[in-house]
1. Out of all the residues in the stretch 73-82, which are in contact (Cβ under 8 Å) with a residue 24 or more places away in the chain and open to solvent by 40 Å² or more (accessible area, probe 1.4 Å)?
2. Restricting to the stretch 33-61, give me the number of residues that are among the aliphatic types (A, V, I, L, M), more than 12 Å from ligand 2 (Cβ to nearest atom) and buried (at least 19 other Cβ atoms within 10 Å of the Cβ).
3. Inspect the stretch 99-107 for any residue being in a loop (DSSP other than H, G, I, E, B) and either open to solvent by 50 Å² or more (accessible area, probe 1.4 Å) or among the hydrophobic types (A, V, I, L, M, F, W, C) (or both) and give the result as yes or no.
4. Could you tell me whether any residue of the stretch 144-152 is closer than 18 Å to Ala221 by Cα, part of a loop (DSSP other than H, G, I, E, B), more than 8 Å from ligand 1 (Cβ to nearest atom) and out of contact with any strand residue (DSSP E or B) (no Cβ under 7 Å at 6 or more places or on another chain)?
5. Working only within the stretch 1-58, note down all residues that are of a type in the set (Lys, Arg) and farther than 21 Å from His76 by Cα.
6. Going by the conditions given, is Arg20 open to solvent by 20 Å² or more (accessible area, probe 1.4 Å), more than 14 Å from ligand 2 (Cβ to nearest atom) and within 21 Å of Asn196 (Cβ to Cβ)?
7. Against the definition (more than 9 Å from ligand 1 (Cβ to nearest atom), assigned to a loop (DSSP other than H, G, I, E, B) and open to solvent by less than 20 Å² (accessible area, probe 1.4 Å)), how does Gly195 come out, yes or no?
Amino acid sequence: MAAVKIAPSVLAWNLANLERAVEISVEGRADQVHLDVIDGSFAPNITFGPGTVKALRHLTDMKFDTHLMIENPQNHLAKFLDAGSDLVTLHAEVLNGSRFDELYSAVRSRGREMGLAIKPETDLPKWASDRLDKLSTVVVMTVKPGFSGQKMDRSVMPKLQRIAAQVKERGLGTDIEVDGGVEPDNAADVVKRGGNVLVAGAAVYGQEDPVSAIAALRAEAEKAGIRS
Ligand code: DX5
Ligand code: ZN
């Protein structure tokens, strides 16, 4: 079982001060910082683009986990790679096997990691299971894409367990990231069900002391008994 990792989602912070959001992740010793890019078409919100990712890059070497909730990733992927995204996660709903293969080559030729995200109602498609070994991360969304602060959709848990079982059966080291409504009181359960990267917007940036909220969330997650 992979180590528990915490990925604070800056969407829950004041978007006028994303520098501070990244600094909080660094000070709180998060494992990666989760950058939600939304285009107003794939999901009903608009956040920021590659220019913002690039502007934040000078602050830290911390892994930039860029979650692209966008309709046409092929039009923008290169810019996010240029901006310094370490992991680029695309949505399965807007891809198929051959489109994935093309974009995967672009990501790997730059030495970056490719992730695949699925909405709560989407099953991991067959083309994606067939390519599981190429993915550094599967992002299992537990809220509808668009906004921080929603409640976790618990009906996604069986799917999370199925994907975790597939990764284990095949002996892969794929991270399984759980995105949406992760809180201290559900963190250990999510880890028991196979999630190992916990995205946390409100549970970190919505707290009075967001730096210590990162350690607090990690401590709860580790109560699942899986040590890093
Ligand atoms: C939702 C985003 C999430 C969100 C998580 O579209 O993908 O990353 O910011 O925020 P919380 O943890 O508050 O649900
Ligand atoms: Zn996200």
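1. Once the filter is applied, which keeps residues that are in contact (Cβ under 8 Å) with a residue 24 or more places away in the chain and open to solvent by 40 Å² or more (accessible area, probe 1.4 Å), the stretch 73-82 yields Gln74, His76, Ala78, Lys79, Asp82.
2. Qualifying residue count, the stretch 33-61: 2.
3. no
4. Yes, the stretch 144-152 has at least one match.
5. Hits for the stretch 1-58 are Lys5, Arg20, Arg29.
6. Considered against the rule, which asks whether it is open to solvent by 20 Å² or more (accessible area, probe 1.4 Å), more than 14 Å from ligand 2 (Cβ to nearest atom) and within 21 Å of Asn196 (Cβ to Cβ), Arg20 comes out as no.
7. Yes.
Per-residue answers, yes or no, for (1) within 15 Å of ligand 2 (Cβ to nearest atom); (2) in a strand (DSSP E or B); (3) touching a residue at least 12 places away in the same chain (Cβ under 8 Å):
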site: Ala3; (1), (2), (3): no, no, yes
site: Ser25; (1), (2), (3): yes, no, yes
site: Arg29; (1), (2), (3): no, no, yes
site: Asp65; (1), (2), (3): yes, yes, yes
site: Glu71; (1), (2), (3): no, no, yes
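The values are calculated or read from the model by the stated rules, or taken from the named source; none is laboratory data. From a predicted model like this one, the values you see are computed outputs, not experimental measurements. We place every Cβ from the backbone using ideal geometry, glycine too, and count neighbours over all the protein chains shown. With ligands, DNA and RNA removed, areas are computed over all heavy atoms of the protein, side chains included. Shrake-Rupley method; radii C 1.70, N 1.55, O 1.52, S 1.80 Å.
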